[in-house]
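The values are calculated or read from the model by the stated rules, or taken from the named source; none is laboratory data. These numbers come from a predicted model, not from an experiment. Every residue, glycine among them, receives a Cβ derived from its backbone with ideal geometry; neighbour counts consider all protein chains shown.
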Amino acid sequence: MTSLLKLEDFPFKDYDKLRYGDMDALGHINNAVYVTLLETGRAGLLSHPQIDAWNHEQFTFVIARIEIDYRNEMRWPGLVHVGTAVKSIGTSSMVLHQALFNNDICVVSAQSVMVQVDKHAHRPAPITPATRAVLETLMFKPPV
């Protein structure tokens, strides 16, 4: 399934620019940069101005786990498109499915667990019905 991923498969899309300093000694984009590029998609989704269900004053989402499958190399210069979708929703957490695309080729696929945390109590907090409703509109629908 992941080898056939397309950016259009994801309900939320963002992008980032590859930088000269992102390269490793072999001229490839360093593996650690892929994690930062995935963060671009997660942060974009969680701070999107049209998503009004997030209560940023009381809650935030933190990453608890990330699993990355490197599929292809990237080289500077270029743009990277990030596709992000919700795979599942729990009581206080969600699993995101993401992929990075460079020149329309899927270079990385990833799964991450995000936990909603109460900023004042510093503890996991249940996802509110309003936030859950927004997350459900961002569910991943794999290609048929």
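Could you list, in sequence order, the residues of the stretch 103-144 that are part of a loop (DSSP other than H, G, I, E, B) and under 15 Å from residue 56 (Cα atoms)?
Looking only at the stretch 103-144, we keep the residues that are part of a loop (DSSP other than H, G, I, E, B), and these are 103-104, 119-122, 125-128, 138, 140-144.
Residues satisfying the conditions are 119, 120, 121, 122, 125, 126, 127, 128.
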Discussion item. So if I check each of 82, 62, 86, 35, which one is of a type outside the set (Asp, Glu) and touching a Ser or Thr at 6+ places or on another chain (Cβ under 6 Å)?
Written reply: 82
Practice prompt. Answer yes or no as to whether residue 131 is closer than 16 Å to residue 54 by Cα, modelled with pLDDT under 95 and either hydroxyl-bearing (Ser, Thr, Tyr) or touching a helix residue (DSSP H, G or I) at 6+ places or on another chain (Cβ under 9 Å) (or both).
Written response: yes
Fill in: Filter result (farther than 18 Å from residue 12 by Cβ and crowded, with 18+ Cβ neighbours inside 10 Å) within the stretch 110-144
115, 117, 125
Response to the item:
Picked from the stretch 35-88 (must be out of contact with any strand residue (DSSP E or B) (no Cβ under 8 Å at 6 or more places or on another chain) and among the hydrophobic types (A, V, I, L, M, F, W, C)), the residue farthest from residue 117 (Cα to Cα) is 51
Discussion item. Cβ-Cβ distance below 6 Å, separation of 6 or more or different chains: which pairs start in the stretch 53-77 with a residue that is at negative phi and of a type in the set (Gly, Ala, Ser) and end on one that is in a strand (DSSP E or B) and at pLDDT 95 or above?
Written reply: 64/113; 64/115
Practice prompt. Just give me the residues in the stretch 60-98 being buried (at least 16 other Cβ atoms within 10 Å of the Cβ) and part of a loop (DSSP other than H, G, I, E, B), in sequence order.
Written response: 74, 92
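If you scan the stretch 33-59, which residues turn out to be in a loop (DSSP other than H, G, I, E, B) and not β-branched (Val, Ile, Thr)?
Our first condition is that a residue be in a loop (DSSP other than H, G, I, E, B); within the stretch 33-59, this holds for 47-58.
Once the filter is applied, which keeps residues that are in a loop (DSSP other than H, G, I, E, B) and not β-branched (Val, Ile, Thr), the stretch 33-59 yields 47, 48, 49, 50, 52, 53, 54, 55, 56, 57, 58.
Quick one: which of 117, 95 is in contact with a Ser or Thr (Cβ under 9 Å, 6 or more places away or on another chain), over 21 Å from residue 7 (Cα atoms), without any contact (Cβ under 8 Å) to a residue 60 or more places away in the chain and β-branched (Val, Ile, Thr)? Break it down stepwise before answering.
Details: 95 fails: over 21 Å from residue 7 (Cα atoms).
Only one candidate qualifies: 117.
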Fill in: Filter result for residue 60 (among the polar types (S, T, N, Q) and under 12 Å from the mean Cα position of the chain (by Cα))
no
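If we scan the stretch 21-32, do we find a residue that is closer than 30 Å to residue 130 by Cβ, in contact (Cβ under 8 Å) with a residue 24 or more places away in the chain, polar (S, T, N, Q) and not in a loop (DSSP other than H, G, I, E, B)? Before the answer, list the steps.
Kept after step one, since they are closer than 30 Å to residue 130 by Cβ, are these residues of the stretch 21-32: none.
No, the stretch 21-32 has no match at all.
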Worksheet entry | Index of the failed condition, residue 51 passing every other in (1) surrounded by fewer than 19 Cβ atoms within 10 Å (Cβ to Cβ); (2) modelled with pLDDT under 95; (3) out of contact with any helix residue (DSSP H, G or I) (no Cβ under 7 Å at 6 or more places or on another chain) | (3)
